[in-house]
1. So, by mean Cβ neighbours within 10 angstrom, what's the order for 111-119, 9-17, 255-263, 135-143 with the highest one leading?
2. With a probe of 1.4 Å, find how much accessible area the range 237-363 has per residue, and write the answer as a whole number in Å².
3. With every protein chain left in place, what is the accessible area per residue of the range 1-135 in square angstrom, probe 1.4 Å?
4. How many angstrom lie between the Cα centre of the range 104-129 and the Cα centre of the range 1-64?
5. What is the Rg over Rh value, at two decimals, for the range 24-101, using alpha-carbon atoms and the Kirkwood definition of Rh?
6. Which pairs, out of 23/96; 25/68; 25/141; 183/340; 132/340, put more than 26 Å between their alpha-carbon atoms?
Amino acid sequence: MAVREQLLDYLDHNLESYLRTWKEKIRISDTDVHRDKVEANGILMYRLVQKNIEKPISEEKIISLAHKVAIERAEANVNIGDFIYNVNAGRSVLMKHVTYSNVHVNDLQTILDAINELFDQFSYHAVTEYTKLKENELQEKISFIDETHQEKLSILGQMSSSFVHEFRNPLTAIMGFVKLLQKEYPSLNYLDVIDHELQQLNFRISQFLHVSKKEIDSGHEEWLDVNDIFESILDFIYPSIVDIDVEIQNDFPEGISIFGQQDKLRQVFLNILMNSLDALKAEGYPRCIHLYGERVNGTVDIHIKNNGPKIPTETLDRIFEPFYTTKELGTGIGLYVCQKIIQNHNGAISCKSDETETTFTIRLPYVEKNTQE
């Protein structure tokens, strides 16, 4: 009898022995939803080896079984380590099983090499498919979480919009009457303080409306001198600068213009400057905010730097997320709105921070005036 025929005859008559030994070694959970298919898959692999001994089989047959097993293992949520362990246990038991066939070891070597090759291919395709299935499953979960998070943000935004609109109407009336009082009684004490605080409150309300996307794209676009915007903001927040005793270094070059919505960009610069002032409150002297920038190739880079405390890395990674804040009374929407405004101007905003300084960089596209016109 030829060697291959002798070995095939032996395998036909000793399948039960192989299965019994293999099942004693493998790891199968009681909660495995495909527990009843494990033995059947073991038999299919055993028959695949027999066919390969009789005549080399195509890789497609190996892939077909590998994908079937991978799908079942993924559905059973089996640990990849246990999966590989069971495959290798099947290989080990089968290799040892074949040596009991009374076929001379020298005649077996080629067959054993072929069995090893078959198991290697099976393992590769099974693990590849298993990994792909698990990655798809993970992405689906991430997408579901993201969609749920966005739905919650949308609902919160709608609630915020409705809520702050109820405040804006009386606030507008109060601001109007304060302006009248300033005109009729210019020497009346504290009107300037009241007006400043009302402006701040109106600013916060506008932020909530931006989050709800009610006003994010409104506004007339025009040519703006960056330095003029900074000068007007510094005049506006002058009381806070004096109160905290901060040195302002405005080294932004004159004559650099950008094209955009003045109110929106002014809000971005104001928000970052106010955040810088808040950060410097906890610092000793000297306290400094440095404004500088330049035109670089096709962009205008605007830098707002302060010598306040370092922003921790875990916070730095999240500061532009909506409703994320480390302030006791913070809303967590200021920097999120800033990012949206800059993105709507086809720009980008970033932040870096270390033990000596924190710098916000706003990068906006530079467009020649004659081109835009």
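1. Going by the mean number of other Cβ atoms within 10 Å, highest first, we get 255-263, 111-119, 9-17, 135-143.
2. About 49 Å² of surface per residue is accessible.
3. Using a 1.4 Å probe on heavy atoms only, each residue of the range 1-135 averages 57 Å².
4. 12
5. Ratio of gyration radius to Kirkwood radius: 0.98.
6. 25/141; 183/340; 132/340
The values are calculated or read from the model by the stated rules, or taken from the named source; none is laboratory data. These numbers were taken from a predicted model, which means no experiment stands behind them. All Cβ positions, glycine included, derive from the backbone under ideal geometry; neighbour counts span all protein chains shown. Ligands, DNA and RNA are stripped out before the accessible areas are found, and what is left, the full protein with its side chains, is counted by its heavy atoms. Shrake-Rupley method; radii C 1.70, N 1.55, O 1.52, S 1.80 Å.
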